[in-house]
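Enquirer: Below: one structure in structure tokens.
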Amino acid sequence: MPPKIWQAEFKRLWKELVPLQGQAATVQGEMIRAVGRLSDEAYRNGNYNFRKGHRMLCEFLRANLKDPDVFSATEISEIDQWIDRILDSKNPDLSGSTSPYYRLTEKAVKWCQLKPDLIPHKPNSDLRI
């Protein structure tokens, strides 16, 4: 999917599914919120404030984005690698279209587009970001 298309779709999904505060009510919304929060921390703060909550968002993505109904085995392996790179929070890769943030956001948008029926999300009481 060309960058401008998925980026516009990300903005639409954020507006429609992500609350102003707290976790999203749907898995789709929480997935968009997770990639958005991780990207924001990396690009705005250089991961200076990367903490337990950010690791929890990574694990949420690992548990939900690696969907064999949506992605190939190769893509699932790449998703794991990108999450691992983000978890190496002291050295965020901010290289643009090849960064794990960019790639995971693109995959999250694709996942949401292929799963349009909203899935309820039970908030994690330990997650504070």
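Enquirer: List every residue pair whose Cβ atoms lie under 9 Å apart, where the two residues are 6 or more positions apart in sequence or sit on different chains, the first residue falls within the range 99-117 and is under 20 Å from Asp40 (Cα atoms), and the second residue, located anywhere, is assigned to a loop (DSSP other than H, G, I, E, B) and of a type in the set (D, E, K, R).
Expert: Short answer, once both residue conditions are applied: Ser99/Asp93; Pro100/Asp93; Tyr101/Asp93.
Enquirer: Which count do you get for residues in the range 12-52 that are assigned to a helix (DSSP H, G or I), under 13 Å from the mean Cα position of the chain (by Cα) and not aromatic (Phe, Trp, Tyr)?
Expert: 17
Enquirer: Also, quick follow-up: Among the candidates Glu9, Glu30, which residue alone is closer than 22 Å to Ile129 by Cβ, modelled with pLDDT of 95 or more and not aromatic (Phe, Trp, Tyr)?
Expert: After ruling out the rest, the residue left standing is Glu30.
Enquirer: Here's something else I'd like to know. Quick check on the range 80-125: of everything there that is among the aliphatic types (A, V, I, L, M) and more than 14 Å from Arg33 (Cα to Cα), which residue is surrounded by the most Cβ atoms within 10 Å (Cβ to Cβ)?
Expert: Step by step, filter the range 80-125, then rank; the result is Ile86.
Enquirer: Given (1) in a helix (DSSP H, G or I); (2) in contact (Cβ under 8 Å) with a residue 24 or more places away in the chain; (3) within 22 Å of Trp6 (Cα to Cα), identify the lone condition not met by Ser77.
Expert: Among (1) in a helix (DSSP H, G or I); (2) in contact (Cβ under 8 Å) with a residue 24 or more places away in the chain; (3) within 22 Å of Trp6 (Cα to Cα), Ser77 violates only (2).
Enquirer: Considering only the range 112-127, how many residues are touching a helix residue (DSSP H, G or I) at 6+ places or on another chain (Cβ under 6 Å) and part of a helix (DSSP H, G or I)?
Expert: 1
Enquirer: Take the residues in the range 82-98 that are in a helix (DSSP H, G or I) and in contact with a helix residue (DSSP H, G or I) (Cβ under 8 Å, 6 or more places away or on another chain), then tell me which one is nearest to Ala42 (Cα to Cα).
Expert: Here the residue is Ile86.
The values are calculated or read from the model by the stated rules, or taken from the named source; none is laboratory data. This is a predicted model, so every value here is computed, not measured. All Cβ positions, even for glycine, are placed from backbone atoms using ideal geometry, and neighbour counts span all protein chains on display.
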